[in-house]
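J.: Next up is a structure, given as structure tokens.
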Amino acid sequence: MTFQLGASLLDACVLAALAQGDAYGYVLTQKVKAAIEISESTLYPVLRRLQADGCLATYDQPFQGRNRRYYNLTPLGSARAAQFNAEWEIFKTRIDALLREDEAHE
Amino acid sequence: MNKQEFLSELKQKLGRLPQAEQQDVIEYYNEYFEDAGIENEQSVLAELGCADSIAKRLNASYVVKNIDSSEQPQTPRRGMRDIFTVVAAVFAAPIALPLALSAVIVAVSLAFAAAAVLLSVLLTCVAGFVCGIALIVVGISVAATSVGTTLLFAGGGLVLISFGVAAGVLVTWLSGLCFNLIAKMMSRILPKNSQDPNMQGGE
């Protein structure tokens, strides 16, 4: 992967993944990994931080005799996710314009 | 290495985290293994890597996050421990060695500079005590000849001792402050590495 993965982009990915539906750690990690190269240990601190910031909440559900912890978005989390989406659109459009412009002149 | 060994090593090394948080970490990773399925245990282990470096990075993040807000007093010992925690995380992190080394060198030189200042204040403290006591002793020894001299010397001695005490208090407070500052500075030099572990991008 050529491009540096900033902390906020990682947050955006996690929030977006959860916007699609509540998920537990393993599934959430696989979802995010589908888009960006991260280690399986990357998400834990991110989830803790988002939770501390009030963007995520957790609840437990029993599964096959053990506990499964699910993460879900709080209203603040949804708002933040929408914000990230908007900013990403702008960012993406600008970079595209620059990179495509480059291509057009080659 | 199997899941149990990984988890116990992790639990063992999370010393800087409070019990509740340690529990959270272990539960998270335990669940992760369970959800991945027994057949995937080895590949998850391979992906997770070293329990030791995960623990170090979690320790460092916690220390850095709580540097200001902790209720524990800023003693020199705690400050030193904080610095060691962050430095350990630097060396555990997958970043270029030159960067890690220079960050550590900066921290170490700052620590030396602080130590030099503290040492001089400490010496002042000791000198105050020693001279103060010596002066009192001398004063008492001439009590037979001149009470006035005794009083003068004794008084002077007490003043010196009080300077010594003041310097002692100053050194304790200053060293706590210095280590605190150095640990904070370290966290600024390495924002990505101590707070966002495992940033694979660009590697």
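The values are calculated or read from the model by the stated rules, or taken from the named source; none is laboratory data. Because the structure is predicted, anything quoted here is derived from the model rather than measured. Glycine also receives a Cβ, built like all others from the backbone with ideal geometry; neighbour counts cover every protein chain displayed.
J.: Looking at A:T74, A:T58, which one is within 14 Å of chain B (Cβ to nearest Cβ) and β-branched (V, I, T)?
T.: Within the list A:T74, A:T58, the selection yields A:T58.
J.: Could you list, in sequence order, the residues of the range B:6-54 that are charged (D, E, K, R) and without any contact (Cβ under 8 Å) to a residue 24 or more places away in the chain?
T.: Those that are charged (D, E, K, R) and without any contact (Cβ under 8 Å) to a residue 24 or more places away in the chain: B:K11, B:D24, B:E27, B:E31, B:E34, B:D35, B:E39, B:E47.
J.: If you check A:A23 against the conditions, is it exposed (fewer than 11 other Cβ atoms within 10 Å of the Cβ) and under 27 Å from B:L7 (Cβ atoms)?
T.: no
J.: Checking the structure you have, find out if any residue of the range A:86-94 is under 19 Å from B:Y32 (Cα atoms) and either more than 10 Å from chain B (Cβ to nearest Cβ) or surrounded by 13 or more Cβ atoms within 10 Å (Cβ to Cβ) (or both).
T.: Filtering the range A:86-94 down to residues under 19 Å from B:Y32 (Cα atoms) leaves none.
No, because not a single residue in the range A:86-94 is under 19 Å from B:Y32 (Cα atoms) and either more than 10 Å from chain B (Cβ to nearest Cβ) or surrounded by 13 or more Cβ atoms within 10 Å (Cβ to Cβ) (or both).
J.: Within the range A:58-81, can you find the residues that are touching a Ser or Thr at 6+ places or on another chain (Cβ under 9 Å) and either closer than 23 Å to B:I54 by Cβ or exposed (fewer than 14 other Cβ atoms within 10 Å of the Cβ) (or both)?
T.: Scanning the range A:58-81 gives A:R69, A:Y70, A:Y71.
J.: Of everything in the range A:18-55, what is in a loop (DSSP other than H, G, I, E, B) and at the interface with chain B (Cβ under 9 Å from one of its Cβ atoms)? Give them in sequence order. Show your work before the answer.
T.: Going residue by residue through the range A:18-55, those that are in a loop (DSSP other than H, G, I, E, B) are A:20-22, A:36-42, A:53-55.
Answer for the range A:18-55, where residues must be in a loop (DSSP other than H, G, I, E, B) and at the interface with chain B (Cβ under 9 Å from one of its Cβ atoms): A:I36, A:E37, A:I38, A:S39, A:E40, A:S41, A:T42.
J.: Follow-up question, since we're still on this one. Filtering the range B:22-52 down to residues that are under 36 Å from the mean Cα position of the chain (by Cα) and outside any helix (DSSP H, G or I), which residue is surrounded by the most Cβ atoms within 10 Å (Cβ to Cβ)?
T.: Within the range B:22-52, the match that is surrounded by the most Cβ atoms within 10 Å (Cβ to Cβ) is B:G49.
J.: Look at B:A88 and say whether it is more than 17 Å from A:S41 (Cβ to Cβ), part of a helix (DSSP H, G or I) and either modelled with pLDDT of 90 or more or away from chain A (no Cβ under 12 Å) (or both).
T.: Criteria not met by B:A88.
J.: Could you say whether any residue in the range A:15-29 is under 24 Å from B:V44 (Cα atoms), touching a Ser or Thr at 6+ places or on another chain (Cβ under 7 Å) and without any contact (Cβ under 8 Å) to a residue 24 or more places away in the chain?
T.: Looking through the range A:15-29, none of the residues is under 24 Å from B:V44 (Cα atoms), touching a Ser or Thr at 6+ places or on another chain (Cβ under 7 Å) and without any contact (Cβ under 8 Å) to a residue 24 or more places away in the chain.
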